[in-house]
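Enquirer: Input: one structure, supplied below.
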Amino acid sequence: MNRKTFVRIGLSGALALLALGALGITALVLTEWTPPADETYRVIGGTAGPLGSTVKLLTWNVGYAAMDREADFFMDGGKLSHGRSVEAVQQNLAAIQSVLRTRQPDVALLQEVDVSAQRSYGIDERTLLSNTLPGYASVFTQNYNVPFVPVPVSRPMGGVRSGLLSLLRTTPSESHGLRLPGRQAFPNRLFNLKRTMTLSRLPVMGGKQLVVINLHLTAFDSVGNMRQIESAFVRERILQEQQLGHYVIVGGDWNSALPGVSTPACDKAQDDRSWLIDMPADFAPPGWTWAVGTQAKTVRTLGAPRNDKTTCYATIDGFLLSPGIELHRAETLDLLFEHSDHNPVELEVVLH
């Protein structure tokens, strides 16, 4: 083969790859999924009757049972786009289930729960976690539905279906999936999450309602204003619920540093935490209370497997409580990030 022939074949191959890439992007555009603005769920399970005055809650980004102590993530400067192995995902999932069984919260708010995804080897985590607490109501809100994520090139993430899972001891009178406003820039939005939140109404003794919101806000923002738009939507909605006379608890992964907990210094040469911003000081309406654990940080960086000397940490998981809810205890369960890149946060409150 002479040089001219080699060049022609090389150009032809490059053009073929470009054509395939264009066809792939076109297919993703045509099949792009958008969550419903307001989806009402038919909820089965849970205990009939109202909640008592004392309520125990837990929030946990479970990292699709793949982001364990030995994992890193390509978008954070690491290499992995999948769990380390199917056995590792199964072991992490079993450990997460064990924590839920041990803690027995009245309300568990979980994020990054896969239904069917190559990154977690097709394991139906939603069903397994829903069955962890027998008799509980289970509410799932999808926020990630992409047929094929083509990056990283070395091992594409592939198809992902994932979302938020709320496990509720008491049967909700209503549960909704609400789409958050804002869109990532093109083409990022074709491969990224479409942010939603779950709103569930739980009957409370005395005829009132406890509105519980499960959320997971944006971290990687390709347009620069996603978090502001999402936060404004959440704030407006919780104020509406308060004005209707309901108790309101918002829990989840805020993807911003929460008030009341210091963020330790971080050597950026070792690990990247550039995505982290502070939750705006004026986000909490007057009379509302942040409930954040101080026993341990709730998230670690994923540029490399966890290392006591170089890994960076922050507190981005916790709760916000409306007036009339007395904070009894907020505790970050220090699980040393063995089975997820997040620690769970447990809360006990009294409704007055």
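Enquirer: All but one of (1) under 30 Å from P105 (Cβ atoms); (2) in contact (Cβ under 8 Å) with a residue 24 or more places away in the chain hold for P152; state the number of the condition that does not hold.
Expert: If we test P152 against (1) under 30 Å from P105 (Cβ atoms); (2) in contact (Cβ under 8 Å) with a residue 24 or more places away in the chain, just (1) comes out false.
Enquirer: Would you mind telling me which numbered condition in (1) in contact with a Gly (Cβ under 8 Å, 6 or more places away or on another chain); (2) in a strand (DSSP E or B) H328 fails?
Expert: Unmet condition: (1).
Enquirer: So the check is Cβ under 8 Å with 6+ separation or different chains; which pairs have a first residue in the stretch 81-105 that's among the charged types (D, E, K, R) and a second one that's modelled with pLDDT of 95 or more and open to solvent by 60 Å² or more (accessible area, probe 1.4 Å)?
Expert: R84/E70
Enquirer: Of A281, A296, which residue is aliphatic (A, V, I, L, M), open to solvent by 50 Å² or more (accessible area, probe 1.4 Å), more than 20 Å from F73 (Cα to Cα) and part of a loop (DSSP other than H, G, I, E, B)?
Expert: On the way: A296 fails: open to solvent by 50 Å² or more (accessible area, probe 1.4 Å).
A281 is the lone residue from the list that is aliphatic (A, V, I, L, M), open to solvent by 50 Å² or more (accessible area, probe 1.4 Å), more than 20 Å from F73 (Cα to Cα) and part of a loop (DSSP other than H, G, I, E, B).
Enquirer: Take the conditions touching a strand residue (DSSP E or B) at 6+ places or on another chain (Cβ under 9 Å), open to solvent by 30 Å² or more (accessible area, probe 1.4 Å), modelled with pLDDT of 95 or more and not in a helix (DSSP H, G or I) and apply them to P259. Does it pass?
Expert: On the way: touching a strand residue (DSSP E or B) at 6+ places or on another chain (Cβ under 9 Å): yes; open to solvent by 30 Å² or more (accessible area, probe 1.4 Å): yes; modelled with pLDDT of 95 or more: yes; not in a helix (DSSP H, G or I): yes.
Criteria met by P259.
Enquirer: Next question, about the same structure. Mind listing just one residue for me: the one in the stretch 28-44 that is among the hydroxyl-bearing types (S, T, Y) and in a loop (DSSP other than H, G, I, E, B) and, of those, least open to solvent (accessible area, probe 1.4 Å)?
Expert: Pass one, the stretch 28-44, residues among the hydroxyl-bearing types (S, T, Y): 31, 34, 40-41.
With in a loop (DSSP other than H, G, I, E, B) added as a condition, the list becomes 31, 34, 41.
Details: T31: 83, T34: 86, Y41: 48 Å².
Result: Y41.
Enquirer: Would you point out the residue of the stretch 201-222, among those that are over 20 Å from the mean Cα position of the chain (by Cα) and assigned to a loop (DSSP other than H, G, I, E, B), that is nearest to E348 (Cα to Cα)? First the steps, then the outcome.
Expert: Quick first cut of the stretch 201-222, residues over 20 Å from the mean Cα position of the chain (by Cα) only: 201-210.
Now restrict to residues that are assigned to a loop (DSSP other than H, G, I, E, B): 205-208.
Values: M205: 17, G206: 19, G207: 21, K208: 19 Å.
This residue is M205.
Enquirer: Out of curiosity, is G207 out of contact with any Leu (no Cβ under 8 Å at 6 or more places or on another chain) and within 14 Å of L321 (Cα to Cα)? Working first, answer last.
Expert: On the way: out of contact with any Leu (no Cβ under 8 Å at 6 or more places or on another chain): yes; within 14 Å of L321 (Cα to Cα): no.
In short, no.
The values are calculated or read from the model by the stated rules, or taken from the named source; none is laboratory data. All figures in this text were calculated on a predicted structure; none of them were measured in a lab. Every residue, glycine as well, gets a Cβ built from its backbone with ideal geometry; the counts of neighbours run over all protein chains shown. Side chains are part of the model used for accessible areas, which takes the heavy atoms of the whole protein and leaves out ligands, DNA and RNA. Shrake-Rupley method; radii C 1.70, N 1.55, O 1.52, S 1.80 Å.
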